[in-house]
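Data block below; observations after.
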Amino acid sequence: MKLLPRSLFGRLVLLFAGALTLALAVALALNLHERHHLLSEASFDRIADHVATTVRLVDRLEPHDRRTVMRLLSRRHHRVSLVRSPPPATAPPRFDGFARALRAALGPAYPVRFLAQPPGGRRVHALAVRLHDGDWVEFTDRGPPARHHWPTRLLVQIALLLGVAILVSLYAVSRVTRPLALFADAARALGRDIRRPALAETGPAEVRRAAKAFNLMQRRLVGFLDSRIRMLTAVSHDLKTPVTRLRLRAELLDDETLRKQLNADLDEMDAMLAGALAYLRGEGSGEQVQPVDVNALAESIATDARDLGQDVLCTAAATAPYPARPQALRRCLDNLVQNALRYGGGAEITVEEGPGTLVIRVSDRGPGLPESELERAFEPFYRVEGSRNRETGGTGLGLAIARDVAEAHGGTLVLANRPGGGLVATVTLPRVAT
């Protein structure tokens, strides 16, 4: 549902606050109902006593004194009158509790008839009571409807109770969800630095088990990576001797063309081994993070390329240094520029600020790639037939290493076809920690 908060913290707080509010609302409703019942019973008893006292007083008076007393007892909204003839047909009592209280106060000696409620009258029906001599005393209440006053003190107490309960819930939920936030931060940090410090294995049993499992996973990943690096390093070391022998034998060849081809194959083999080792180790993973002038870095890469006669333009407009691993970030951008030069004949570097991000684009005017190949181009040793072949150079690791560097900084690297032809590689780096 769109109305639900997105975070677990928000949903738990909403659940607890809603449950507490509902429980207190039900308690308040029950309390008000009971309060209304008690007040009604007290009011019925008070009115019944008043009617019984009046009837007994009037019944003891002489007939000529009764009307005088009736006038004295009558008020603006409450009229007491003496009638000789019986009142009209009775109406059922509006409140059973009042009828019981009245009969208990008068006793069987004084019959009671409940009359029709006057329009706009209060909650007690008009009634008539017969005296011993046959006269009837009629009570008519013509006051305004009764007003129900809210129990202010009770409402304030419930509001304070709800506030305290919500505050306690906020504290409890924050303590419960904090380990989840720590796990999320650790997972993001693991993507940037697989050798990050282990999680503290403290807290409740469930949190300790989760932290132990996370640390075990990290150790296994590090062990897996180290074993692959050791294996490739050993292979690289073992290959040096036969490669050296092949170079020596190539120099003994009389065919100049064949000798150059063999040396080119051997150079490519060395480059592939070096690139694979750099990719597995994680380029720049041991560097310290420090502020980097990305404008100067991009200009430096473009200047070095132009010094070699290559066509590289640069437009840099970063507003502040970026905290990065300098050599790793340079390797990332240099790989993208060399990729653009190799397959597009030229490169254009653009550095600009985004909303909370630093965006670096490296564009070319080459043949581009089919849409289905854009993501596969980041796979290690991947080549596109016909455009990315042996003669163009490269090991097929440049884009993979560049993406690893971008992700190690908490960013992303994506490829897209450029309108009019060519590719644009976009590196998006966050300005805040992720």
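What to note about this one:
- Residues of the range 50-71 classified as hydroxyl-bearing (Ser, Thr, Tyr) and closer than 13 Å to Ala128 by Cα, total: 1
- The range 190-237 - residue that is surrounded by 11 or more Cβ atoms within 10 Å (Cβ to Cβ) and among the polar types (S, T, N, Q) and, of those, farthest from Arg175 (Cα to Cα): Ser236
- The set of residues in the range 308-339 being among the small types (Gly, Ala, Ser) and in contact with a Gly (Cβ under 7 Å, 6 or more places away or on another chain) consists of Ala328 alone.
For (1) acidic (Asp, Glu); (2) closer than 15 Å to Arg418 by Cβ; (3) touching a residue at least 40 places away in the same chain (Cβ under 8 Å); (4) crowded, with 19+ Cβ neighbours inside 10 Å, each residue gets a yes or a no:
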position: Asp293; (1), (2), (3), (4): yes, no, no, no
position: Leu297; (1), (2), (3), (4): no, no, no, yes
position: Thr319; (1), (2), (3), (4): no, no, no, no
position: Cys332; (1), (2), (3), (4): no, no, yes, yes
position: Leu336; (1), (2), (3), (4): no, yes, yes, yes
position: Gly344; (1), (2), (3), (4): no, yes, yes, yes
position: Glu348; (1), (2), (3), (4): yes, yes, no, yes
position: Val362; (1), (2), (3), (4): no, yes, yes, yes
position: Leu369; (1), (2), (3), (4): no, yes, yes, yes
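- Residue in the range 313-326 that is assigned by TED's automatic domain parsing to the domain that holds Phe378, aromatic (Phe, Trp, Tyr) and at pLDDT 90 or above present: yes
- The range 249-287 - residue that is modelled with pLDDT under 80 and not in a helix (DSSP H, G or I) and, of those, nearest to Arg228 (Cα to Cα): Gly282
- Filtered residue count, the range 188-230, keeping only those that are among the acidic types (Asp, Glu) and under 21 Å from His409 (Cα atoms): 1
- Residues in the range 388-430 that are among the basic types (Lys, Arg), in a loop (DSSP other than H, G, I, E, B) and at pLDDT 85 or above: Arg418 only.
- When residues of the range 216-265 are limited to those that are of a type in the set (A, V, I, L, M) and touching a residue at least 40 places away in the same chain (Cβ under 8 Å), the one farthest from Ile194 (Cα to Cα): Leu232
- In summary, no strands (runs of 3 or more DSSP E) completely within the range 75-161 bear 3 or more residues that are surrounded by 10 or more Cβ atoms within 10 Å (Cβ to Cβ), at pLDDT below 75 and out of contact with any Gly (no Cβ under 6 Å at 6 or more places or on another chain).
The values are calculated or read from the model by the stated rules, or taken from the named source; none is laboratory data. Predicted, not measured: the structure shown is a model, and the values here were computed from it. Neighbour counts run over all protein chains shown; Cβ positions are idealised from the backbone, glycine included.
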